[in-house]
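Have a look at the structure below, then the notes.
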Amino acid sequence: MVDKKEVLLTEAGLAKINDELDELKTVKRQEVAIRLKEAIAQGDLSENSEYDAAKEEQAFIESRINTLENVLRNAKIITQDEQDKNIVGVGAKVKIQEVPQGDTEEYTIVGSAESDPFDGKISNESPIGAELIGKQIGDVVTVPAPGGTIQFKILEIS
């Protein structure tokens with residue numbers, strides 16, 4: 001079954017996915033094919049752990065290629081030119097502060113396919129990202145959290 005859900009990507013996210021897809025198709029497929037050939041050459045496949053591991057890696061690579069191709073088929077590229085700098089949208093960098101007078105944090109709002117919270121990129125579908133979308137500087141958003149709710153004030157959009 002083909003997933004038809006639109007995938008929002010920044011231009012950088014598109015490049016990253018294309019690079020990964022190219023690496024999988026040109027390098028990783030070849031590497032696993034060589035490993036499979038070597039494992040087959042060893043003889044009895046029923047007790048050959050190297051063959052089993054190579055087959056598992058091959059399945060993972062093919063699955064990942066399929067996933068990335070699906071993302072690209074359904075991708076909608078968000079460019080910086082399309083962004084209203086006064087409203088939070090996908091591709092915007094947002095500086096927020098926990099209310100009252102908490103820590104400030106800066107996030108880039110991206111589509112779910114390229115989110116990486118450790119790199120400051122949060123999905124537009126995440127609790128914080130979803131609440132920030134469509135808001136302006138000075139707005140206060142309430143985000144559900146396991147221990148209750150947290151409020152953030154939008155300080156800056158770029």
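Structure notes:
- For region 50-67 versus region 125-143, the gap between their alpha-carbon centres in whole angstrom: 39 Å
- DSSP bridge analysis restricted to region 1-146 gives an antiparallel fraction near 45%, rounded to the nearest 5.
- In order along region 137-149, phi translates into HN-Hα couplings of 4, x, 5, 10, 10, 10, 10, x, 9, x, x, x, 10 Hz, rounded to whole numbers, per the Karplus curve 6.51 cos²θ - 1.76 cosθ + 1.60 with θ = phi - 60° and x for Gly and Pro.
- Heavy-atom accessible surface of region 1-128: percent carbon and sulfur, 1.4 Å: 49 percent
- Between amide H atoms placed 1.01 Å from N, distances below 5 Å from THR10 occur with ILE78, GLY111, all of them 5 or more places distant or on a separate chain.
- If only the Cβ of Lys and Arg carry +1 and only the Cβ of Asp and Glu carry -1, the dipole of region 48-149 around its Cα centre is close to 380 debye.
- On a per residue basis, region 12-158 carries 60 Å² of accessible surface, using protein heavy atoms and a 1.4 Å probe.
The values are calculated or read from the model by the stated rules, or taken from the named source; none is laboratory data. The model shown is predicted, which means the values in this text are computed figures rather than measured ones. In this analysis, Cβ positions are derived from the backbone assuming ideal geometry, glycine residues included, and neighbour counts consider all displayed protein chains. Heavy atoms of the whole protein, side chains included, go into the accessibility calculation; ligands, DNA and RNA do not. Shrake-Rupley method; radii C 1.70, N 1.55, O 1.52, S 1.80 Å.
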